[in-house]
Each structure stands twice: as C-alpha cells, then as structure tokens.
Amino acid sequence: MSHVGIICPNVPGHLNPMVALADAIRTRGHRVTFFLLGKPPLSISEAGFEIVALGGTVFPADVYQAEFQKLGSLQDRAALKHTLAIGARAADAMLEVGPAVVRASGVTALVVDQASFPGGTVADQVGIPFATVCNALLLHPDPNVPPYFTHWYPRDVWWARIRNRIAWAGLNRLYAPIVTRIQAHRRRLGLPVPTGLADVWSTTLQISQQPELFEFPRRELPTQVRFVGPLRLPGGYLPVSFPWELLDGRPLIYASLGTLQNRMAGMFRVIAEACEGLDSQVVISTGHGVSPEMLGNLPSRPIVVSYAPQLEVLRRSTLAITHAGLNTVLDAMATGTPLVAVPITNEQPGIAARIAWIGAGEVIANPQVTPQALRAAVVRVRSNQSYRTAAERVRDAIEVAGGAPCAAELIEQRLALKT
C-alpha cells in the first residue's frame, strides 16, 4: 500500500473533486492524507481522510479563511488580482512549511492541484513523484486558445493568435510573483528551475476533469494531459437536506453563483425578477455567501436554500442559471441541462465562452446583466431544443470519460504506487 498526499486550495470547488479522487485512490487500497492551508474542513475528516496543516505561521488558518471571504465580494479584475495575491502568500507558506510536513508524514507520492503551483516543488524537494490535477480550466498557454479570463472564442486567424499571445503574456506577468518564488526556492536547492508557469506541473501525468469535448481545440497541449471528466463520488455529493415537498410540478430553473463569488444579494434578486411570470419554479442556492433570510421576499417566490443537492435538482431542471464555475457547469452538462451563464471573474469568462461555443447555452457579460436581458436569454434557451441537444452531447462524453476511477488508475500506474 502506498501513502498518497493531496495538496489543493481549501475551497469547495477544488476540495470536492479532490475528495472524490481521494476516495477512488483509497478504494484501490492506498492511504490518503490532505495537506491544506486554512481551517480543516469537516467534509474531509468526516470522509475518513487525515489532514495536515500547511500554513504554519506564514499563512495562519484564520487569515487564509478571511482572504477567501473577502474574495466572495469582489468581481472582475479585482477578484482575479486578489486570487493571485492569495496564491503568492500560499506559495510562501507551501515552500517554507510544505517539505517538512510532507516528509514527516511519510507520503510516497503527491497529487497536486494545478492551482497549488509550488506543490510540485515540494514533491521534488522531498524526492517523491507527483501528478497534477486540473480541477479548473486548463491553464496551459497556447496561441490558438484564448486565456481563461477572456470571453473570446478560438479563431484560426493571424490577428486572433497575436491577441491570444499578448493576453497570455499579460497573464504570465500577473503570475510572475508566484513563479519567481518557486524559481528562487529551486535555485537555492539546486533543482531544475522552471522558465514559466507551465513548467511547474507534472511531466509524468496531468489530469483534467473537463471532458475533452468541453475544451477549445489545442495544438500545444503536453502529451501527459489526460481528460477524464468530472471527479465525483460514486453516489454524487454528500447528502444535503432539501424541501422537496415544496416543488409544485412546474418546470424547474436552478440558479447558483457557486461557493466563492456569491456574496452579491443583488444578483440573486435580478435572477428572481428575470424568472417572474415564466410559469416556472425557481430554486436558488446561495452557497452560504448570503443567507436565504437576507434575501427577503423575492419576485417569482423562489425556493431559496444555502445549499441544494445540485445534481438531483439539475436532473429535474429545464435550465440552470450559473456564474460559470466549472463544477456547477460540469454538473449541468452531466445531466444534459442547458445553461445561461453570467460569469463574474477568474476563469468563469473562459468557461462561459466554452458553453456558448459548444452551443449548450448563452452568456451575458456581468456588467450587462439586467432582469430583462437575463429573462430574454432564459426564454431563448428554454424554447430552443438545440441548447439541450448540445448539453446532452457533453453528457454522453462525460459518461464514457472515466471520472475519478479512471484518474485513480492513471495515478497508480504513472506514479508506480505499490498495491
């Protein structure tokens, strides 16, 4: 039996797929330990996994949590810059504290989230193999693919390639504080020094929870990248209570702004107002960013909960309104549910662009969201079967992609885990 360590951001969008992957690795007979910044989440310990703190005094747990709470109220470029600032401080903590705690735990391999950029350096310093898991969109630069923070589609013309190169160069400048920390650390240790962000990920195995159909065509993707589809537990998410008795049989619309950028009560009101009079029942999941009580009486009288059993609700829905977070979008695609996306920040514009590009929904830029614009998009997507047909094509691709069991098998093979 091998002992596998997992390093990932301590936020639900990264933890949930990593828990599913950890469960699949454990099912194959291996021990799993999570190395996390921030407060240890109950979902990990309740699932029976060990947790080791990673922040020390460099990035204390309460400070880490406070930074992510602040992120919940930010949008657009401000949110992106704050995310990168968290990443830089996390890099300091991971590089200073990580090697000692990983070595002391006795893990024999690491599985590192793509967004935990120094994780591979920790593995190299300890002398153990590692795999990269892309729980968000692929971050690999490619002049044929627009960067994740843009709303652009891929265009096979010279000016689009130049535009993409300029945007990727700008993104690299934003990541420079993190990359230079990693470079300096590796230089001191005599380890090979990465020239850019793409060099910090595994040269052995990189797993993406996107189905390949939900990615723009690429020409420069490393051969070690494998698309396995959404990483989910065998039974889906952990059970969540929900007032099923309140569903009245009308066509269902599910709305969620995820678990990070969800502290905008005004957006939930816009959603409720947009759906008023559509002969639909609306379910809004606030994600604990805003308590249901704070929203008061909303137009269309939606069912408002802190968390919904997302997959189960989506299976009953005619449409989902989303911030275009990858896990919500993949859940919608896995159930063949078309979408109206209102991207807020970070990778969400790129995810929304992919939704529109494959024809599984429509996108409204965040500054342009009004009840009228959102209502018109909802009506178009619900009344045109082509959107659901496109979503069902992705659903079919997800069903054969393999998911967490396939990812666990690849990790076991490529990292030569002992059974």
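The values are calculated or read from the model by the stated rules, or taken from the named source; none is laboratory data. All figures in this text were calculated on a predicted structure; none of them were measured in a lab. Methodologically, a virtual Cβ is constructed for each residue, glycine included, from the backbone with ideal geometry; neighbour enumeration extends over all protein chains shown.
For the range 201-251, which residues satisfy the criterion of being outside any loop (DSSP other than H, G, I, E, B) and under 17 Å from Gln114 (Cβ atoms)?
Within the range 201-251, Gln206, Ile207, Ser208, Glu212, Phe214, Val225, Arg226, Phe227 qualify.
I need the full set of residues from the range 311-329 which are surrounded by 22 or more Cβ atoms within 10 Å (Cβ to Cβ) and out of contact with any strand residue (DSSP E or B) (no Cβ under 7 Å at 6 or more places or on another chain), in order please.
Passing the criteria: His323, Gly325, Leu326, Asn327.
Considering each of Tyr175, Tyr148, Tyr153 in turn, give the residue that is part of a helix (DSSP H, G or I) and touching a residue at least 40 places away in the same chain (Cβ under 8 Å).
On inspection, the qualifying residue turns out to be Tyr175.
For the structure I just gave you, tell me whether Val378 is out of contact with any strand residue (DSSP E or B) (no Cβ under 6 Å at 6 or more places or on another chain) and not aromatic (Phe, Trp, Tyr).
Answer is no for this residue.
Would it be correct to say that Asp62 is assigned to a helix (DSSP H, G or I) and buried (at least 17 other Cβ atoms within 10 Å of the Cβ)? Give the steps one after another, and end with the answer.
Details: assigned to a helix (DSSP H, G or I): yes; buried (at least 17 other Cβ atoms within 10 Å of the Cβ): no.
Here the answer is no, as Asp62 does not meet what is asked.
What are the residues in the range 380-418 that are part of a loop (DSSP other than H, G, I, E, B), surrounded by fewer than 20 Cβ atoms within 10 Å (Cβ to Cβ) and within 25 Å of the chain's Cα centre (by Cα), if any?
The one that is part of a loop (DSSP other than H, G, I, E, B), surrounded by fewer than 20 Cβ atoms within 10 Å (Cβ to Cβ) and within 25 Å of the chain's Cα centre (by Cα): Gly402.
State whether the residues of the range 283-290 include one that is within 25 Å of Ala401 (Cα to Cα) and either more than 19 Å from the chain's Cα centre (by Cα) or surrounded by fewer than 21 Cβ atoms within 10 Å (Cβ to Cβ) (or both).
Scanning the range 283-290, I find no residue that is within 25 Å of Ala401 (Cα to Cα) and either more than 19 Å from the chain's Cα centre (by Cα) or surrounded by fewer than 21 Cβ atoms within 10 Å (Cβ to Cβ) (or both), so the answer is no.
Are there any pairs with C-beta distances below 7 angstrom linking a residue in the range 368-390 that is within 28 Å of Gly266 (Cα to Cα) to a residue that is modelled with pLDDT of 95 or more and of a type in the set (Phe, Trp, Tyr), with the two at least 6 apart or on different chains, and if so which?
So the pair list comes out as Val381/Tyr387.
Conditions first: (1) at pLDDT below 90; (2) closer than 27 Å to Phe227 by Cα. Tyr153 passes all but one, so which condition is the exception?
Looking at each condition in turn, Tyr153 falls short on (1).
Conditions: (1) under 24 Å from Glu399 (Cα atoms); (2) without any contact (Cβ under 8 Å) to a residue 12 or more places away in the chain. Trp244 meets all but one. Number of the miss?
Just one mismatch for Trp244, condition (1).
Which is under 23 Å from Leu197 (Cα atoms) and either crowded, with 21+ Cβ neighbours inside 10 Å or not basic (Lys, Arg) (or both), of Gly48, Gly106, Gly55, Gly38?
Gly55
Any idea which of Val97, Val4 is assigned to a helix (DSSP H, G or I) and either in contact with a Pro (Cβ under 9 Å, 6 or more places away or on another chain) or modelled with pLDDT of 85 or more (or both)?
Val97
Kindly evaluate Val19 against the criterion of being part of a helix (DSSP H, G or I) and surrounded by 21 or more Cβ atoms within 10 Å (Cβ to Cβ).
yes
Here is a check on your reading of the model: is Arg316 modelled with pLDDT of 95 or more and under 19 Å from the mean Cα position of the chain (by Cα)?
No; evaluated as a whole, the condition is false for this residue.
Need the failing condition index for Asp279 against (1) assigned to a strand (DSSP E or B); (2) farther than 27 Å from Val11 by Cα, just the number.
Failed condition: (1).
Residues that are not β-branched (Val, Ile, Thr): list the strands (runs of 3 or more DSSP E) wholly contained in the range 293-354 that include at least 1 such residues.
Answer list for the range 293-354: 317-322, 339-341.
Could you tell me how many of the residues in the range 110-128 are over 14 Å from Cys8 (Cβ atoms) and surrounded by fewer than 23 Cβ atoms within 10 Å (Cβ to Cβ)?
5
Between Thr337, Thr370, Thr389, which is β-branched (Val, Ile, Thr) and in contact with a Lys or Arg (Cβ under 8 Å, 6 or more places away or on another chain)?
None of the others qualify; the one that does is Thr337.
Say we look at the range 146-201 and pick out the residues that are within 20 Å of Ile351 (Cα to Cα) and charged (D, E, K, R); which of these is surrounded by the fewest Cβ atoms within 10 Å (Cβ to Cβ)?
Once the filter is applied, the top-ranked residue is Asp156.
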